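Written out below as structure tokens is the structure these notes cover.
Read-outs: derived from the displayed coordinates by stated rules, not from any lab. What you are looking at is a predicted structure, and each value in this text was computed from that prediction instead of being measured. We place every Cβ from the backbone using ideal geometry, glycine too, and count neighbours over all the protein chains shown.
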Amino acid sequence: LLKIARRYNVSFTPIKLSVNLKKQMLAWFHLGAPPKTYHKSKDKCLQINHRIESVKDLKEITNKLTSTNIHQTAASCTCTECVENRLAGCKNPDKCARVAKRILDNLSPLFNPNTSPTKDNLLRTR
């Protein structure tokens, strides 16, 4: 698909995306990610143990570990989210949450689910 797009000089450049659509986009090899956003060794746990597939999944893992008051920024954290992640095979859930947050923060504002589309005062006509 990418080869065909290159051959015909086609690209995906939306003007505005809803937050819901931004969350549905694939997390890996994201269109809005700058070069060197992904690191194979750091992202492996997110892909295998946490089963991250979409941007929504990345957002959920960052929210889970930052929303609890009991969570500690250590590999030995005993909060329920970290314990569940360790049982799934993750060695350091806090590190994975920080990596997921870094990926989200690196997305361009057009594709970042943490940013809302700018209001352009254009109305849909029926």
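Values as computed for the structure displayed
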{"read-out": "Cβ-derived FRET efficiency at R0 22 Å, S76 paired with W28, nearest 0.05", "value": "0.15"}
{"read-out": "Sequence-distant residues sharing a close amide H with S54 (under 5 Å, placed H)", "value": "A27"}
{"read-out": "Segment 1-58: mean projected area of Cα convex hull, nm²", "value": "5.0"}
{"read-out": "Net charge of Cβ neighbours under 12 Å - reference C82; Lys, Arg +1; Asp, Glu -1", "value": "+1"}
{"read-out": "Segment 2-97: trypsin sites (Lys or Arg not before Pro) in DSSP loop, at most 10 other beta carbons within 10 Å", "value": "K36, R51"}
{"read-out": "In segment 3-107, GluC sites (Glu not before Pro) in a DSSP loop with at most 14 other beta-carbon atoms within 10 Å", "value": "E53"}
{"read-out": "Shape of segment 1-109, Cα gyration tensor, a/c cut at 1.5", "value": "prolate"}
{"read-out": "Sites N63 and H39 - FRET efficiency at Förster radius 22 Å, r taken between beta-carbons, to 0.05", "value": "0.50"}
{"read-out": "Stretch gain in nm, segment N106-R7, where the contour uses 0.36 nm per residue and the Cα spacing is subtracted", "value": "32.8 nm"}
